[in-house]
Number of protein chains: 2
Amino acid sequence: MKKFLDHPDQLLPDSLAGFCAAHADLVALGDGAAYIRRSSPRPGKVALISGGGSGHEPLHAGFVGHGMLDAACPGQVFTSPTPDQMLHAAAAVDGGAGVLYIVKNYEGDVMNFDMAAETASVPVARVLTDDDVAVERSTWSTGRRGVAGTMVVEKIVGAAAEAGLPLEACKALGDEVNRATRSIGVALTSCTVPAAGKPTFDIGVTEMEFGVGIHGEPGRKRVALGSAQQIAQDMAEAVLADLGNSHAADRPALLLVNGFGGTPLMELYLMYHHLRQRFAAARLHIVRSLVGNYVTSLDMAGCSATITLLDGDLLKWWDAPVHTAALRWGV
Amino acid sequence: MKKFLDHPDQLLPDSLAGFCAAHADLVALGDGAAYIRRSSPRPGKVALISGGGSGHEPLHAGFVGHGMLDAACPGQVFTSPTPDQMLHAAAAVDGGAGVLYIVKNYEGDVMNFDMAAETASVPVARVLTDDDVAVERSTWSTGRRGVAGTMVVEKIVGAAAEAGLPLEACKALGDEVNRATRSIGVALTSCTVPAAGKPTFDIGVTEMEFGVGIHGEPGRKRVALGSAQQIAQDMAEAVLADLGNSHAADRPALLLVNGFGGTPLMELYLMYHHLRQRFAAARLHIVRSLVGNYVTSLDMAGCSATITLLDGDLLKWWDAPVHTAALRWGV
C-alpha cells in the first residue's frame with residue numbers, strides 16, 4: 001500500500017480539516033467533526049442532509065453548499081456514520097421547513113439514518129437511492145446499491161429546495177430522480193482501504209469486474225479485460241436493458257461518466273466518447289454531460305456510467321445554479 | 001498495464017472527440033484535431049494558446065474557454081505538439097490583438113512553439129513557465145521544468161486578456177506570475193504511458209521520488225516513503241527555501257495541491273491540511289486554495305504543491321470569472 005498517510009485514525013479528521021480550511025467560504029466543520037455544514041444556511045428552506053462512509057470523495061462533503069446539500073455526515077472509510085451524526089447535523093441545519101435525508105441503499109446507512117429520523121425533533125423525510133443496475137442484492141445491501149446517481153439526486157433536489165419547494169415535494173422529486181436514474185460500474189483494479197493496508201479484492205492482470213460496487217463489492221461477473229469500446233458497449237447495454245430501450249428513445253438525458261479515483265481523465269473521456277455513441281445509437285438524447293471523479297472508491301481504477309432521464313422539470317433543476325467545492329456553475 | 005484503451009493510436013483522437021462532445025457549449029475541435037478552440041471567440045482580445053504532450057489532463061484543453069485559454073494544442077502522450085498545430089491554432093483564434101503562447105519549459109515544446117512563432121503571420125509573444133524548484137535541469141529540460149504552476153499563469157493571464165489588456169502587458173503579466181510561482185512534486189508510483197505498456201520508472205514499495213517531474217522524470221532524490229506530515233513538511237521547505245522565507249512572510253498566496261491522477265481526493269486534502277499548516281507557520285498568508293487533479297501524469301500516484309504569491313492585481317485576476325471544462329467560477 002502506497003498512500004499519503006499518517007496513522008489511519010488521523011486520515012479522516014485531518015482530511016476533513018483540510019477540506020474545511022480549503023473551502024472556508026462554503027463550509028464549516030460541525031461539533032466533534034460529526035458533520036460538514038453549509039457556512040451560509042438559508043432559513044425557511046428544506047435542509048438536505050446526506051452522508052455515508054468516507055472514501056467516495058468528493059461525495060458527499062464536496063456537494064455541500066448553495067443549491068445542493070446543507071450538511072454531509074462522513075463515516076470512517078467505507079463505514080456508515082452514526083445516528084448521532086445525522087441528529088446533530090439535522091439540529092444544526094434545520095431551517096424550519098424540515099429535513100430530507102438522502103441515503104444510499106446500504107444496510108448500515110439505512111439503519112442509522114432511520115434511527116436518526118425516529119428520534120429527530122424536526123420533520124424528516126427520506127430519499128433512498130438505488131441506481132446501480134448491476135445486482136439485486138450485494139455484500140452490504142438488500143436491493144440495489146446506491147452509487148453515482150446519488151449525486152444527481154442531490155443536485156436536482158438541492159436546486160428545488162433552494163427554490164423553496166416544501167419537504168414532501170422535495171421527497172417526491174428525489175424519488176422521481178432516483179427512478180429516472182441507472183448506473184453500472186466496472187473495476188480494473190481493487191481499492192485499498194488505508195486501515196486494512198491491502199487490496200479489498202484480488203483481480204488478475206487481464207481481468208475486470210463488471211458491475212462492481214463502489215466499495216469493491218462483487219458485480220455481475222469477472223470477465224476478460226476487453227477494449228474500451230467493448231466495455232462501453234456492455235455498460236451501455238446494461239443500462240439500456242434496465243431502462244427499457246423503447247422507454248428511453250428520444251428522451252433527454254444526462255450522461256455522467258464517473259471515475260473511481262485511479263483512472264486518468266484521458267481514459268474517462270475515451271469511455272465517454274464510446275458510451276455517448278452507444279446511447280445515441282439507442283436514440284437517447286444526451287443533453288447534459290459530466291465527466292470526472294465524483295463518486296469514487298479510493299484509488300480504484302475503473303469508472304461508472306450513469307444515465308438520468310431529464311423529463312419535466314428535471315433539466316431545469318439540473319441547470320440551476322450550484323456552488324459547492326466539487327460542482328459549481330451559474331454563480 | 002490495465003487501462004481503458006482500444007489501440008494506443010486511437011486514444012488521443014477518441015478522447016479529444018469525447019471531450020469536445022461533452023463540452024460542446026465551450027469548445028470545438030480544430031481541423032485535423034490539431035487544436036481545441038474556444039467555441040465563442042472574442043474579437044479584439046489577445047488570444048492565449050497553450051499546449052504540450054497529452055497525459056496531463058485537464059491541462060491544457062480543460063482550460064479552454066472564457067477567461068482562460070483560446071486554444072490548446074495536444075501532442076501525443078508526453079510528446080510535444082508540432083509547429084503546424086500552433087500555427088493553425090493561431091490563425092483560427094487570432095482576434096486581431098496578437099497571440100500569446102504559454103509554453104512549459106521542455107526542449108521539444110520550446111523548439112516547436114518557437115518555430116510556430118517565427119512563421120506566424122500575426123504578432124506573437126511567449127511566456128515560458130518553469131515553476132518546478134526540484135532540479136535545475138532534467139531529462140527533457142534545460143533549466144527548471146514547467147509544471148502545475150502553468151495553470152495559474154493561464155488563469156491569471158487569461159483573465160487579463162479577457163479584460164482587454166494588450167499583448168505586451170499580457171506577456172509581462174505572465175512572466176510576473178511565473179516568477180511568483182514555485183512548485184514541488186512527489187511520486188509514490190510511476191505512470192504508465194499507454195503506447196509503452198509498462199511503468200516509466202521502477203520504484204520500490206517503501207520508496208518515493210522527491211521532486212518528480214510530471215512525466216516521471218527523476219527528481220532530487222529517491223527516499224523512504226515517510227508520513228504524510230513529513231512529506232508535506234519537506235515539500236513546503238523546498239518551496240519556502242526557494243522563495244526565500246523572509247521574502248514570503250505576510251504575503252498573500254494561492255496554495256494549489258495538485259494530484260497526479262492516481263491519488264484519492266481524501267489524501268490530497270490530508271496533504272493540503274499539512275501543507276497549509278507548514279506554510280502558515282512560515283507566515284505565508286494562504287488566501288486562495290485549489291485542491292484536485294489539474295496537471296496530472298496519467299495514472300501516477302503522487303501530488304505537487306504550488307505556491308503563487310498574489311501581490312498587486314494577481315488576486316483580482318485569479319478571482320475573475322472563468323468558464324472552462326475544468327475550472328469554473330463567477331459565471
Problem set entry | Selected residue (only one of B:Leu268, B:Leu254, B:Leu243, B:Leu275 is of a type outside the set (Val, Ile, Thr) and either modelled with pLDDT under 95 or more than 28 Å from B:Cys191 (Cα to Cα) (or both)) | B:Leu243
Problem set entry | Criterion: crowded, with 20+ Cβ neighbours inside 10 Å, under 23 Å from B:Val205 (Cα atoms) and among the hydrophobic types (A, V, I, L, M, F, W, C) - qualifying residue of B:Leu268, B:Leu240, B:Leu275 | B:Leu268
Seminar exercise, completed: Among the residues of the range A:4-13, the number that are more than 22 Å from the chain's Cα centre (by Cα) and open to solvent by 20 Å² or more (accessible area, probe 1.4 Å) is 6
For this session: Tell me which of these A:Lys221 doesn't satisfy, since it passes every other one: (1) within 26 Å of A:Leu12 (Cβ to Cβ); (2) in contact with a strand residue (DSSP E or B) (Cβ under 6 Å, 6 or more places away or on another chain); (3) of a type outside the set (A, V, I, L, M, F, W, C).
Result: (1)
Exercise. Would a scan of the range B:317-326 turn up a residue that is open to solvent by less than 10 Å² (accessible area, probe 1.4 Å) and either touching an Asp or Glu at 6+ places or on another chain (Cβ under 8 Å) or modelled with pLDDT under 95 (or both)?
Worked result: no
For this session: Considering only residues that are without any contact (Cβ under 8 Å) to a residue 60 or more places away in the chain and open to solvent by 10 Å² or more (accessible area, probe 1.4 Å), look in the range B:285-311 and name the one that is farthest from the chain's Cα centre (by Cα).
Result: B:His285
Exercise. Of the residues that sit in the range A:206-215 and are in a loop (DSSP other than H, G, I, E, B) and open to solvent by 10 Å² or more (accessible area, probe 1.4 Å), which one is nearest to the other protein chains (Cβ to nearest Cβ)?
Worked result: A:Thr206
Problem set entry | Residues of the range B:61-83 that turn out to be open to solvent by 10 Å² or more (accessible area, probe 1.4 Å) and touching a helix residue (DSSP H, G or I) at 6+ places or on another chain (Cβ under 8 Å), as a count | 9
For this session: Check off (1) touching a Gly at 6+ places or on another chain (Cβ under 9 Å); (2) part of a loop (DSSP other than H, G, I, E, B) for B:Ile203 and give me the number that stays unchecked.
Result: (1)
Exercise. What strands (runs of 3 or more DSSP E), lying completely within the range A:1-115, carry at least 2 residues that are free of Cβ contacts under 8 Å to residues at least 24 places away in the same chain?
Worked result: A:27-29
For this session: Check whether at least one residue in the range A:99-114 is more than 26 Å from A:Ala160 (Cβ to Cβ), out of contact with any Leu (no Cβ under 9 Å at 6 or more places or on another chain), aliphatic (A, V, I, L, M) and open to solvent by 10 Å² or more (accessible area, probe 1.4 Å), and report yes or no.
Result: yes
Exercise. Of the residues that sit in the range A:148-194 and are open to solvent by 20 Å² or more (accessible area, probe 1.4 Å), under 23 Å from A:Asp242 (Cα atoms) and among the charged types (D, E, K, R), which one is nearest to the other protein chains (Cβ to nearest Cβ)?
Worked result: A:Arg182
Seminar exercise, completed: Scanning the range B:10-42 for residues that are polar (S, T, N, Q) and within 12 Å of chain A (Cβ to nearest Cβ), the one farthest from B:Gly67 (Cα to Cα) turns out to be B:Gln10
Exercise. Only one of these conditions is not met by B:Val135: (1) assigned to a loop (DSSP other than H, G, I, E, B); (2) without any contact (Cβ under 8 Å) to a residue 40 or more places away in the chain; (3) open to solvent by less than 50 Å² (accessible area, probe 1.4 Å); (4) over 17 Å from B:Val295 (Cα atoms). Which number is it?
Worked result: (2)
Problem set entry | Matching residues in the range B:43-59 - criterion: being charged (D, E, K, R) and either facing chain A (nearest Cβ under 10 Å) or within 20 Å of the chain's Cα centre (by Cα) (or both) | B:Glu57
Exercise. When the range B:321-331 is examined, which residues are found to be hydrophobic (A, V, I, L, M, F, W, C) and more than 9 Å from chain A (Cβ to nearest Cβ)?
Worked result: B:Val322, B:Leu327
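The values are calculated or read from the model by the stated rules, or taken from the named source; none is laboratory data. Quantities reported herein were computed from a predicted structural model and do not represent experimental measurements. Using ideal geometry, Cβ is built from the backbone for each residue, glycine included, and neighbour counts are taken over all protein chains shown. These accessible areas exclude ligands, DNA and RNA; they are computed on the full protein's heavy atoms, side chains included. Shrake-Rupley method; radii C 1.70, N 1.55, O 1.52, S 1.80 Å.
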